[in-house]
Every structure is written in C-alpha cells, then in structure tokens.
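Beneath this line is the structure, given in structure tokens, with notes to follow.
Where a number appears in this text, it was derived from the coordinates with a stated rule and is not lab data. The structure displayed is predicted, hence computed values, not measured ones. Cβ coordinates were reconstructed from backbone atoms using ideal geometry, including for glycine residues, and neighbour counts include every protein chain displayed.
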Amino acid sequence: MHTFKSLALGLLSAAVASASDVESLTGTTFPDFVKENPLVLAECSGHCKALAPEYEEAATTLKEKNIKLAKVDCTEEAALCQEYGVEGYPTLKVFRGSESITPYAGARKAPAIVSYMTKQSLPAVSVLTKDTIEDFKTADKVVLVAYFAADDKSSNETFTAAAEKLRDNYLFGASSDADLAKAEGVAFPSVVLYKSFDEGKNVFDGPLDAEAIEKFANVKSIPLIGEVGPETYAGYMATGIPLAYIFAETPEERESLAKDLKEIAQKHQGVISFATIDAKAFGAHAGNLNLKADLWPAFAIQDTVKNLKFPYDQEAKITADLIGKFVDDFVAGNVEPSIKSEPIPETQEGPVQIVVAKNYDDIVLDDAKDVLIEFYAPWCGHCKALAPKYDILAGLYVDQKFGDKVTIAKVDATLNDVPDEIQGFPTIKLYKAGDKANPVTYSGSRSIEDLIKFVEENGEHKVSVTYEEETAEAQKPIVESMAKQAEAATEAAKSVAEEATEAVKEKVAEATEAAEDIHDEL
Ligand SMILES: *[C@@H]1O[C@H](CO)[C@@H](O)[C@H](O)[C@H]1NC(C)=O
C-alpha cells in the first residue's frame, strides 16, 4: 500500500497570523501543492469565524503526524476557487492529487478533522492476520473482508479500488491466509461482509469486480427492514434499487407493521429495500412521494434511480396481502408512477417559459432548441434574487429574434415532478438542441453576462445576444410589464382555488425542506 503523505488545505478568506500552522496558498502555488501532497483537504469559506480556530488547532495537531493544513483566500483567488466549484460556503473537499476530489464528510471541529484526515491517510484496505481478523469483523456496523491468494494481483487491485471509493462508508480488510478463508468457509477469491444485524454476514464469491462489490456492499449493508432517517437516507439512495417506505407515527406501530411485512421484504430482498420511517418527525417527506402528509400509516415505493414515486392508496388498509400484491405488481411493472404537476399554463405570458411536469417534454426536450431551464423553489432566496435578471435574460432572446433557437424556462420543482436530480435551488441546466440526453449544469455566477456566455458556449446554435446595462434599462419597462401581465394572469387563474393551493404549496415546501434537511444532516 502506498502511505499517503497527508495534508489538509484550507481556503479561508480571513487573514491568519503568519505564525499559523495552516499553509497559505495562491493560484500559482496550489497545483504543485496538490501534486506533491496526495491527500489534501480544501476548506473554502468566505465567512467562517467558527471554523478558523478549529482549523488552526487541527493544523497544529496534524503537523506532528506530518499532515499539513493550508488555506487559500477565496476573495483574492476567485478563479482558483471557482475552478474547484467553490460557491456555497463553507465547502470542504478532500483532494487526492488533482484526480480524485471528494467532499469532506466529517464534523467541523478540530478533533473530528484530525480523526477524519488521519483515517484518510491510512491505507484503504487493512491487511489482516489471524490475530487481528476477529476484532476487525466487529470494528464497525458493516465491514468487508476480501480473501484472495497472495499472488492474485488482479483481485487485490480490484478490491483496493472498490475500497478507495467507499472508504468513507465501510471498513475494508483483506487477507491471503488460506486457513482464514477455510475457517470462513469461502474459497479464493471471495469477499465477506460482516454486519451487526439480520443474518450477520453475506458472501460474495467468484471473480472480483469493483462495480459488483460496490453494489453488493450497498445492498447487503441495508437491514431487511431498516429505518429511514438522516443517517441512513443517503445509504438507501446509493443502493440503486427501489426503496419501500412504511410511514407510521409510533415506534410500536412501526414495529408491528415491519413484522407484518417482513415476509414481503424477504421475498424481494436485493430487489427492493424496505424501511420504516417516523411519520411524526419526517412526515413531510411523504409529500415528496406524492402521499398526503397527514394520513397514517402510509406506504410508498420510490424508484431511487429515476426518482419515480409509487404511492400506495392511502385510503386502503396496509395488510400483508394487499401490500404483497402491490409490491408484486410494482416488480412486474404494472404500477404507474404518480406524476405531480401544476396545470399547463393556458398561455405563456412572459419571456420566461413556464414549465410544469405535464409540458416538460414538449418544452425542455424540444429537439430544435437550446433550452436553459431554472429549477426553483418558492421559498428559495437566491431564486428570488435571480428572478428579475432571469426575466431580462429571457427578454433578450425574444427581442433579438432568437426565440426559435433558444428557450429560457423555469419550473417550480416543489410542485412538479421532474426527471432531473436537483441538488439545491436554484439549479440551472442547458438542454442542447439535438442532444437532450446530456444536459450541462450551470455553475458560474448568476449574472446575465455569464448566463449569455454559457448559452452561447454550450448551446447547439451558438446564439449570442447583446446585453448592455442601458439596453436592459430601456427594456426594463417591457420586461416588467410582461412579468406583471404574467403575474396577473396567474393570479386570476389562481384565485379560484387560492386557499387550497396555498395550503398544498406550504405542505410541499415543508416536505421539500424536510427532505433537504435529511440531505443536509448527512
Ligand atoms: C495487496 O497488495 C499490496 C500491495 O502490493 C500488499 O501490500 C498487500 O499485502 C496485498 N494484500 C494482501 C491481502 O495480500
């Protein structure tokens, strides 16, 4: 195993005294630094008074272990920080050379930074002996041990690659001791997953394949009927198989339903994960599954890959028979996904095209046009700040007669099911004419000039509109009146069912926020 010379790098805007153990870097010194120090933690922050002293302390401790910390001033080194996608604050990234960049997944306290970076600097796979293996098996909730021959380089490399990728999630060990494999009842090469629940261990045998090992680890590390919560949510999403949620309010009820549905979970193990979820704490998440967030218990299946939702009728009883049939139908492909959508707008009043789930294909996937679409949430402050600029942007393409080549669109992603994975709001993507399968996500500044450049550079039609502040000022009344008109039309349409809509909106916003909380807490 290569021993990493370890180092953490911080991007702090606050000036730190020169006696600091945190190394200060610039755009010029950064590349060599990352190259020379295979393990780098980059901390990127504009205002992180709380983190700075923790970071300093960690730097001093890690220095003794020959692990260095450093920082870059993002206000001075804007280009460098942008290159590494530093936009939200604070952001922490672990660099292994410039090839592999992963988010820092530890807490923002000195001891956590020290522990995390120390672990990162250890080999991804521990070589085990008969003296160490027993303790290792129970060292974490889930550990994976590979058994292969000492001269089997290929198995060793494959397993190491899988471990490098998943090292934040599981512990990995390996042994080439034939007696240990024999005691385990496995042949070379095999991987055994040891876990502190359910059947206790699972065996992966046959030729080792990194992707198959990853899938094996992700699926087998999930309990037969587990619990969805902040600690487990990402794990479920990573399995690549659908997740069946059992919503109930009390622990007793969840336990009893889990018992009722256990056989179904067993029958579909490896094909669908089953988990209970606390409807009191995370009930709002039901909204994301197109369930009503106030009628319990409830059941729904989520296709975690395509993000499709299959809610089970909330008026119907949850029994082993009925759920068994529902799940069988789902597996057979006989259950239609539920698609949440606002009504299609009768007319498009403003320069920005209003997209809803039901017209998504017609507008966004229109093969003739480059379509720039913003995914927003009504409660998102950055989205509100962007709105007037986005209106002006859209107006430019209409006014300069490029409406047949470029569409500027937006969709309220809390009220419409979209096929895209939205990590945060706003998310802006360009769907290029003639190549709708590979949208490009916008990561630049939220300025009109940069958005114009993005559409020109990434669009099929290479359309460039001219934008001058004055022109924009002159157009402002037009844009504003169009926007007003659009608003008035929307208001009129809305007034009929105003209250009901508001109530629903609020619930969905809550649900979305709760879902984000689940993400955030990870
Ligand atoms: C795997 O390969 C590394 C590097 O050659 C070696 O140090 C390690 O002992 C091997 N693992 C096993 C279990 O033999």
Difference of contour (0.36 nm per residue) and Cα-Cα distance, Lys384 to Glu36
120.9 nm
In nm, give the distance between the simple-model label positions of Lys201 and Gln269, each being 7 Å from the Cα along the Cα-to-Cβ direction.
1.6
Output the peptides 276-289, 251-264, 151-164 sorted from most to least packed, where packing is the average of other Cβ atoms within 10 Å over each peptide's residues.
276-289, 151-164, 251-264
For Asp370, Asp32, Asp303, order by how many other beta-carbon atoms lie within 10 Å, fewest first
Asp32, Asp303, Asp370
Region 353-483 - convex hull of the alpha-carbon atoms, volume per residue in Å³
103
For region 239-312 and region 216-235, what is the separation of their Cα centres, given in Å?
13
FRET efficiency estimate (nearest 0.05) - Cβ-Cβ, Asp313 to Lys280, R0 25 angstrom
0.70
Sorted by Cβ density within 10 Å, fewest first, the residues Thr60, Thr75, Thr232
Thr75, Thr60, Thr232
Principal semi-axes in Å for region 377-450 [√(5λ), Cα gyration tensor, largest first]
20, 17, 12
What are the GluC sites (Glu not before Pro) within region 191-240 that DSSP puts in a loop, where the Cβ has at most 15 other Cβ atoms within 10 Å?
Glu199, Glu231
With +1 on each Lys and Arg Cβ and -1 on each Asp and Glu Cβ, how big is the dipole of region 225-331 about its Cα centre, in debye rounded to the nearest 20?
260
Let's see if you can work this out: charge +1 on each Lys and Arg Cβ, -1 on each Asp and Glu Cβ, no other charges. What is the dipole magnitude of region 353-483 about its Cα centre, in debye to the nearest 20?
160
Under a plain spin-label model, where a point goes 7 Å from the Cα along Cα-to-Cβ, how far apart in nm are Ala368 and Phe188?
6.5
Taking 0.36 nm per residue of separation between Glu164 and Lys119 and subtracting their Cα-Cα distance, the length gained on full extension comes to 15.0 nm
Per residue Cα convex hull volume in Å³ - calculated over region 225-331
88
So if each residue of separation counts as 0.36 nm, and I subtract the Cα-Cα distance between Asn334 and Leu180, what length gain in nm does that give?
50.7 nm
For region 162-197 and region 399-451, what is the centre-to-centre distance using only Cα atoms, to the nearest Å?
45
Inter-label distance, nm, simple model (7 Å from Cα along the C-beta direction), Glu253/Glu469
5.9
Take the residue pairs Lys306/Lys369; Lys130/Lys215; Lys68/Lys119; Lys280/Lys317 and return only those whose Cα atoms are more than 26 Å apart.
Lys130/Lys215
Return the Cα extents of region 111-150 along principal axes one, two and three, sorted largest first, each rounded to a whole Å.
36, 22, 17
Pairwise FRET efficiency - Asp399 versus Asn438, Cβ, R0 = 30 Å, nearest 0.05:
0.55
Report the Stokes-Einstein translational diffusion coefficient (µm² s⁻¹, integer) for region 104-256, Rh taken as the Kirkwood radius over Cα pairs, at 37 °C with viscosity 0.692 mPa s.
195
Please find the FRET efficiency linking Lys292 to Asp131, where r is the Cβ-Cβ separation and R0 is fixed at 56 Å, and quote it to the nearest 0.05.
0.50
Quote the charge dipole size of region 294-411 about the Cα centre in Debye, to the nearest 20; the model charges only the Cβ of Lys and Arg (+1) and of Asp and Glu (-1).
400
Can you order the peptides 314-321, 78-85 by their average number of other Cβ atoms within 10 Å per residue, highest first?
78-85, 314-321
List Tyr236, Tyr376 from most exposed to least, where exposure is judged by having the fewest other Cβ atoms within 10 Å.
Tyr236, Tyr376
